[in-house]
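**Student:** Structure provided below as structure tokens; questions to follow.
The values are calculated or read from the model by the stated rules, or taken from the named source; none is laboratory data. None of these values were measured; they are calculated from a predicted model. Every residue, glycine as well, gets a Cβ built from its backbone with ideal geometry; the counts of neighbours run over all protein chains shown.
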Amino acid sequence: MPDKGHIELERRIDSITVGVRHRKDPGDLNALMKSIEEVGLLQPVTITPDGVLICGWRRLEALRRLGRRTLNVWVRSGISDQLSHLLAQQDENEQRKPLSPVETARLYAEIKMLEQEEGQRRMAATQFGGAGSDGEASGFVESTEPWNSRTRAAQKLTGKNGWQRLERISWIESISKDETFSDSVREFASNMLSEIEDGAPVAPAYNRVKAAVELASKPAPPSQDEQDEVERLAAEALKRVQDEENAKRLRALRSKAKRAPKHHSPRSFVLMWSELEGWTGLYDVAELAAALKDDDWARFERVVAETIELRDQLREARTAAASA
């Protein structure tokens, strides 16, 4: 990816705006300051055209403590107005309206790209100079692995390492805009983004879109050709996630059953039926009849039959006990 900017020499340090910094303490700068004194600042800090700091806060602080008045900077153009405004804020309370999850993910993607460019330039700078023991000498050496850029971007934007959630939101949005997918898949992804914006958790939405993308790559069964494709993808994606969750619950119950006694206590029986007393009045029969699926009805009949069988056995046992 080509860099969009240029090197500007001798920028005044006091002309650079340092806005929100979730990292309040720059840490030990002695090794960095010593390296700068010995070989100079090989890797400039990165700023916006308006002079707002993007990357290189520790380098800027080291130069400030050394009493320097100017420094070399990398001016990065192409920064969104929203990100420029966020970076320029002097404190967290300046932003009156909190960022939505999707807005946060978009800014995260932009900062991550800038961090990746910064890392590449730092690696290039180290070819011409050394680094201190703290890994942040004149060239500010560090790993350029993707996780490092993700972590830095998430911490800079949110103050914590929540990059996975932001990555998932970004991926869902990319699906909603990817024209290689059908309209129905993109619409489904857009619907999931809307739910996230309304406060829905990200992980279930991500799993459903992922399942929908996988299902969309397979030919639809002939029996479902007349169904609305958006509803089909949504229903099948939801069912897949639910099946996986139900399988986990079933394994947990079986594992628990192996450790638990075979029969529950009489007190447990009494408490359960005390809670169920009057439960039939809680539901509308017509509404239930329209809503229950075949497997729901089969499960209900099975439980009722088991209950009746237990009632008959219990009645016989009580009669026998009374006549004894």
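**Student:** Looking only at the stretch 77-98, decide whether some residue is buried (at least 18 other Cβ atoms within 10 Å of the Cβ), modelled with pLDDT of 80 or more and in contact with a Leu (Cβ under 6 Å, 6 or more places away or on another chain).
**Tutor:** Checking the stretch 77-98: not a single residue is buried (at least 18 other Cβ atoms within 10 Å of the Cβ), modelled with pLDDT of 80 or more and in contact with a Leu (Cβ under 6 Å, 6 or more places away or on another chain).
**Student:** Turning to a different aspect of this structure: Inspect all residues belonging to the stretch 277-289 and state whether any of them is in a helix (DSSP H, G or I), β-branched (Val, Ile, Thr), under 30 Å from Asn191 (Cβ atoms) and at pLDDT below 90.
**Tutor:** No; the residues of the stretch 277-289 include none that is in a helix (DSSP H, G or I), β-branched (Val, Ile, Thr), under 30 Å from Asn191 (Cβ atoms) and at pLDDT below 90.
Table: residues versus (1) surrounded by 15 or more Cβ atoms within 10 Å (Cβ to Cβ); (2) assigned to a loop (DSSP other than H, G, I, E, B).
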{"site": "Arg168", "(1), (2)": "yes, no"}
{"site": "Ser174", "(1), (2)": "no, no"}
{"site": "Glu179", "(1), (2)": "no, yes"}
{"site": "Ser194", "(1), (2)": "no, no"}
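**Student:** Something else now. Against the definition (closer than 30 Å to Ala189 by Cβ, modelled with pLDDT under 85 and part of a helix (DSSP H, G or I)), how does Lys239 come out, yes or no?
**Tutor:** When the stated conditions are applied, Lys239 passes them.
**Student:** Against the conditions (1) surrounded by 13 or more Cβ atoms within 10 Å (Cβ to Cβ); (2) at pLDDT below 85; (3) closer than 30 Å to Asp28 by Cβ, where does Lys160 fall short? Just the number, please.
**Tutor:** (1)
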